[in-house]
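Okay, so here's the structure we're looking at.
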Amino acid sequence: MTAKNSWWEGAVIYQLMPRSYADGNGDGIGDFQGLTSRLNYLRWLGVEAVWLTPVYPSPLQDGGYDITDFKAIHPELGDLAAFHRFLTAAHEHGMKVILDLVLNHTSHLHPWFQRARWAPKGSTERNVFVWSDDPNRYTEAPVLFRKFEDSNWQWDSVAEQYYLHRFLKHQPDLNYENPWVQEEMLGVLDFWLQKGVDGFRLDAVPFLYESEGTRCEGLPETHDFLKKVRQRVENSGRDVLLLAEAIQPVDEAAPYLADDELHGAFNFALTAHLFAAIASGNCKKLRQCLQDAQTIVPGCRWALPLRNHDELWLGDGHLVPEDVIQSIRSGLPGGHGHWLNWGINRRLAPLLNGDPRANKVLHALLYSLPGMPCLYYGDELGMGDWPGLRDRDPNRTPMAWTSARNGGFSSAPEPLLVLPAITSPGYDYRVVNVEVQKQLPGSLLNWHRRMLTCRRLLPALRLGSFEVLESTHPSVLVYSRCSGSMTVLIAANLSGAGASLQIDLSKWKGSRTREVLWGCEYPVADENWFVYLPSFGFSWWLIGEVEDTDVPSVD
Ligand code: GLC
Ligand code: CA
């Protein structure tokens with residue numbers, strides 16, 4: 001008997017920021033009421049899970065990643081009843097819901113921190129956070145938000161000690177050495193498990209513990225705690241995804257994927273290599289990264305993001321080598337002048353110079369590589385950004401639904417909007433929106449939908465084995481996915497120039513080959529199979545005949 005697959009294996013995840021997605025009550029801020037009313041759209045698009053950035057009460061000094069109550073809903077988004085209605089409706093639409101859970105820190109306004117400041121030095125209450133009399137501890141831990149902070153320590157005049165914060169000073173780090181903290185945070189997990197959520201994106205997991213003389217990332221104690229997290233999920237008896245945000249190279253992210261730890265982790269190195277490949281027109285290193293990830297953790301446990309709500313994180317040379325970062329800096333002019341912290345603070349479309357072909361080829365890879373493809377809201381439209389807004393807000397502006405006022409996001413007067421709707425040339429919501437693109441057969445939105453439909457019809461793309469094939473062209477990545485009688489061949493040209501190449505298909509010699517998207521026949525497979533791909537072109541081909549049982553029906 002074969003084990004039943006978990007829902008998340010190969011699932012397409014749609015990431016959205018609830019405050020920026022749809023405003024249901026007309027106050028200018030997206031909420032659960034609005035989001036629930038847009039589930040039809042997400043179902044129509046064909047995504048399988050939605051990941052919501054934090055939904056908890058928060059002073060929003062870090063977009064909601066600074067939490068004051070882990071067991072409630074931010075009043076601007078609704079309440080627990082509204083969340084429940086949303087979750088039930090999502091399930092009725094056949095979609096899973098992933099919550100963002102921040103284990104590493106709270107808001108400085110969280111009652112635990114306020115209590116800690118006033119509690120006696122050395123008491124359990126004080127030690128809910130990490131304090132020190134000396135700010136020169138853990139000096140090898142890099143300052144992550146270097147635009148905003150110059151130290152990981154902040155003096156607190158009430159406590160008369162410094163507290164540790166790996167992110168903003170408004171986000172004190174919890175002290176996992178304290179068993180009370182562990183129990184409380186596991187209780188938070190239980191709370192949402194009981195509410196029926198289907199998964200958690202675990203924010204900033206590498207930083208739970210500190211140790212002198214290290215970068216304070218992924219320490220053994222951190223892994224021990226994450227194993228307890230896994231145990232809680234197992235105890236619930238439900239099929240729930242635990243997805244790690246660990247911005248580390250694959251060999252360092254892989255330990256989170258131990259059998260008794262987390263199910264999935266983002267492959268951020270792959271993201272960087274995808275952008276480097278398109279910036280340089282060379283996919284040698286991308287190919288290597290893919291192979292490494294599959295050698296270290298085979299299958300579909302890597303989540304594959306292109307862009308998200310943060311800057312495109314490239315790091316200090318630790319995630320990917322300096323020359324890869326350099327090729328992105330020089331090859332993507334859209335990123336010039338938009339550097340923030342350790343990455344580029346732009347949405348996908350402007351970063352790719354507004355070229356829909358580049359958007360397509362990158363997503364064609366995401367949708368056909370082994371893993372969980374992550375689509376960031378608005379990227380299915382080629383939505384633009386608003387440079388100049390503070391912090392990472394340029395990438396977090398309201399979803400463009402229609403050509404009506406505020407892009408149909410909200411009926412509130414414009415100045416009340418959570419962030420301004422995009423009206424910049426080329427990206428104006430009156431042109432770039434769901435309603436218009438739905439009606440244009442050749443639109444980017446319809447392309448994404450079509451690709452997701454094809455993906456559902458081709459189970460080899462979801463769970464099939466993966467093999468990188470030799471390519472005679474440096475700009476073209478070629479690989480195959482196989483399961484049962486189904487083999488899909490994928491080739492993608494990451495350069496702005498056309499590419500002709502030969503692919504060795506001797507393995508399938510004599511088999512029929514058909515292009516998937518348009519159904520046209522190609523010459524039968526042989527050792528010198530010849531194809532031409534236009535600039536940023538790609539193709540998915542079916543090789544051989546497929547038995548009916550290997551093709552699912554799509555409703
Ligand atoms: C993660 C989030 C980011 C947040 C940080 C601190 O990296 O993606 O948005 O600022 O954690 O919680
Ligand atoms: Ca609202």
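Tabulated values for the structure
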{"read-out": "Top positive-direction residue, dipole computed over the chain with Cβ charges, set V250, P459, F200", "value": "P459"}
{"read-out": "Residues whose placed amide H lies under 5 Å from that of A400, excluding near-sequence neighbours", "value": "none"}
{"read-out": "Gain in span if fully extended, R430 to K147, counting 0.36 nm per residue against the direct Cα distance", "value": "98.5 nm"}
{"read-out": "Under 5 Å, built H, 5+ apart or other chain: amide partners of M486", "value": "none"}
{"read-out": "Burial order of peptide ranges 324-336, 272-284, 522-534 (average beta-carbon count within 10 Å, highest first)", "value": "272-284, 324-336, 522-534"}
{"read-out": "Angle in degrees between helix 356-366 and the longest Cα principal axis of the chain, rounded to the nearest 10", "value": "80"}
{"read-out": "Dipole magnitude of segment 8-102 about its Cα centre (Cβ charges: Lys, Arg +1; Asp, Glu -1), debye to nearest 20", "value": "280"}
{"read-out": "Relative contact order of the chain, pairs being alpha-carbon contacts under 8 Å that are 6 or more residues apart, as %", "value": "12"}
{"read-out": "Rg/Rh (Cα only; Kirkwood hydrodynamic radius) as it applies to segment 464-543", "value": "0.94"}
{"read-out": "Fraction of beta bridges assigned by DSSP in the chain that are antiparallel (%, nearest 5)", "value": "60"}
{"read-out": "Helical mean residue ellipticity (222 nm; -39500 (n - 2.57) per DSSP H run of 4+; nearest 500) of the chain", "value": "-8000 deg cm²/dmol"}
{"read-out": "Dipole moment magnitude, nearest 20 debye, segment 111-164 about Cα centre, only Lys, Arg, Asp, Glu C-beta charged", "value": "180"}
{"read-out": "Point-to-point label distance, A3-W44, nm (Cα→Cβ direction, 7 Å offset)", "value": "3.9"}
{"read-out": "Pairwise centroid distance, computed over Cα atoms, of segment 305-374 with segment 216-251, Å", "value": "26"}
{"read-out": "Loop GluC sites (Glu not before Pro), segment 181-260, which have at most 12 other Cβ atoms in a 10 Å radius of their Cβ (DSSP)", "value": "E212"}
{"read-out": "Test item: Cα-centred dipole of the chain, Lys/Arg +1 and Asp/Glu -1 on Cβ, debye", "value": "1360"}
{"read-out": "Extension gain (nm, one decimal) between E92 and T549, 0.36 nm per residue minus Cα-Cα", "value": "161.9 nm"}
{"read-out": "Three-way shape label, segment 58-126, alpha-carbon gyration tensor, a/c 1.5", "value": "prolate"}
{"read-out": "The chain: angle of helix 179-195 to the longest principal axis, Cα-based, in degrees nearest 10", "value": "50"}
{"read-out": "Convex hull volume of segment 384-528 per residue (C-alpha atoms, cubic angstrom)", "value": "174"}
{"read-out": "Selected from A491, S471, I503, residue furthest toward positive end of dipole (segment 464-543; charges at beta carbon)", "value": "A491"}
{"read-out": "Sites S37 and L109, calculated FRET efficiency, Cβ-Cβ separation with R0 30 Å, nearest 0.05", "value": "0.45"}
{"read-out": "Restraint check, K169/K195; K147/K169; K4/K509; K71/K147; K71/K228, Cα-Cα greater than 23 Å", "value": "K169/K195; K4/K509; K71/K147"}
{"read-out": "Degrees, to the nearest 10: 268-280 long Cα axis against longest axis of the chain", "value": "50"}
{"read-out": "Two-decimal log10 I(q)/I(0) for segment 159-269, as the Debye equation yields it once each C-alpha is a single scatterer, q = 0.12, 0.13, 0.18, 0.19 Å⁻¹", "value": "-0.44, -0.51, -0.96, -1.06"}
{"read-out": "Cα-based Rg and Dmax for segment 302-381, where Dmax is the largest Cα-Cα distance (Å)", "value": "12.6, 34"}
{"read-out": "Residue (of W153, Q114, L164) at the positive-pole extreme of segment 111-164, dipole from beta-carbon charges", "value": "Q114"}
{"read-out": "As computed over segment 98-181, the Cα convex hull volume per residue (Å³)", "value": "112"}
{"read-out": "Interchain or long-range residues, amide H under 5 Å from L241's placed H", "value": "G199, F200"}
{"read-out": "Environment charge of S480, counting only residues whose C-beta is closer than 12 Å and scoring Lys/Arg +1, Asp/Glu -1", "value": "-1"}
{"read-out": "Global form of segment 325-451, assessed from the alpha-carbon gyration tensor, a/c cut-off 1.5", "value": "oblate"}
{"read-out": "Under the Karplus curve 6.51 cos²θ - 1.76 cosθ + 1.60, θ = phi - 60°, whole-Hz ³J(HN,Hα) for segment 65-80, x wherever Gly or Pro sits", "value": "7, 10, 10, 9, 7, 6, 10, 8, 10, 4, x, 5, 8, x, 9, 4"}
{"read-out": "Cα→Cβ-extended label distance, 7 Å offset, between R137 and W180, nm", "value": "1.8"}
{"read-out": "Kirkwood Rh and Cα Rg combined as Rg/Rh, segment 1-129", "value": "1.08"}
{"read-out": "Gyration tensor (alpha-carbon) shape descriptor, the chain, a/c threshold 1.5", "value": "prolate"}
{"read-out": "Potential lengthening between S330 and W155 on full extension [0.36 nm per residue; Cα-Cα distance subtracted]", "value": "59.0 nm"}
{"read-out": "Distance between segment 376-455 and segment 14-73 - C-alpha centres, whole angstrom", "value": "16"}
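Every read-out reported here was derived from the displayed coordinates using simple, explicitly stated rules and does not represent laboratory data. Quick caveat: nothing in here was measured; it's all calculated off a predicted structure. Note: ideal-geometry Cβ built from the backbone for every residue, glycine included; neighbour counts use all protein chains shown.
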